[in-house]
1. Helix 13-29 sits at what angle to the longest principal axis of the chain, using alpha carbons and giving 0 to 90 degrees rounded to 10?
2. For residue 112 and residue 75, compute 0.36 nm times the residue count separating them, minus their Cα-Cα distance, and round to one decimal in nm.
3. Please work out the FRET efficiency for the pair residue 50 and residue 24, using the Cβ-Cβ distance as r and a Förster radius of 25 Å; give the result to the nearest 0.05.
4. For residue 132 and residue 93 in the same chain, what is the full-extension length gain: residue separation times 0.36 nm, less their Cα-Cα distance, in nm?
5. To the nearest 10 degrees, how steep is helix 172-181 against the longest Cα principal axis of the chain, on a 0 to 90 scale?
6. Can you give the local net charge around residue 104? Use residues other than it whose beta-carbon is closer than 12 angstrom to its beta-carbon, Lys and Arg +1, Asp and Glu -1.
7. Could you rank the peptides 115-122, 15-22 by their average count of other C-beta atoms within 10 Å per residue, with the highest value first?
8. For a quick protection proxy, order the peptides 137-149, 28-40 by their average other-Cβ count within 10 Å, most packed first.
Amino acid sequence: MLSETHVPFWNETRTWREANLSPSRLLRMWRSELDPARKKARRMEALLDFVIPLMEDLCEATCSACSDPCCARARVRFDLADLLFMHLTDQAVPLAQSGPEGHGPCRYLGPEGCLLPRLSRPWICRWYICPQQKTLLRHYPASGQRRFELALSRIRRLRRDLEHDFILAVSPSNAAEKESASPNPQFARRTS
Ligand code: SF4
Ligand code: SF4
């Protein structure tokens, strides 16, 4: 089943809004500094373009007849890399953190499956393959299976790098450098 995230975060409307406002503001402020992160997010998007059709194939073959849908028990949450990816590649950002409200199923589970577009789902929901699907995947050509695994491992690495680039770009030392490089508005007023 989809594994559980142990730390519940951004669960309330206010914290979710703040969590999303912050990167959206920072991405505007640090446009050029965040170019490396943006390029990585675009690379992730291209890799996901390869991964998603295969996931859709597997879901089409298995999910509609599933007697125990994984999303009904999932406690999956969006993390920082998910938010950065969505903001950097202009994906639709969901209105609330994923996962259950109370003890029910994930709030995004609809009658036909997940209500979110694939690129706006938490990372685990984009790659999780249940045992039934794993069996099915073994019948795919070996080269396709290898490419699929390779794409996932590249995306995992890019997610780590994305967080690293973001934290580095908006770090306090970088902010201080940026401030000292820009003209001091007080000084500008006095000399104008
Ligand atoms: S991914 Fe597997 S466990 Fe989850 S709903 Fe589809 S068939 Fe069921
Ligand atoms: S976000 Fe979508 S895919 Fe992920 S657990 Fe919730 S309903 Fe399932």
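1. 60 degrees
2. 11.4 nm
3. 0.35
4. My answer for the length gained is 11.0 nm.
5. Helix 172-181 and the main axis of the chain meet at about 40 degrees.
6. Taking every other residue near residue 104 into account, the sum is +2.
7. Going from most to least packed, we get 115-122, 15-22.
8. Highest-to-lowest ranking by the protection proxy: 28-40, 137-149.
None of the figures in this text is laboratory data; all of them are computed from the coordinates on show. Here the structure is a predicted model, which means the values were calculated and not measured. Note that each Cβ is placed from the backbone with ideal geometry, even for glycine, and that neighbours are counted across all protein chains shown.
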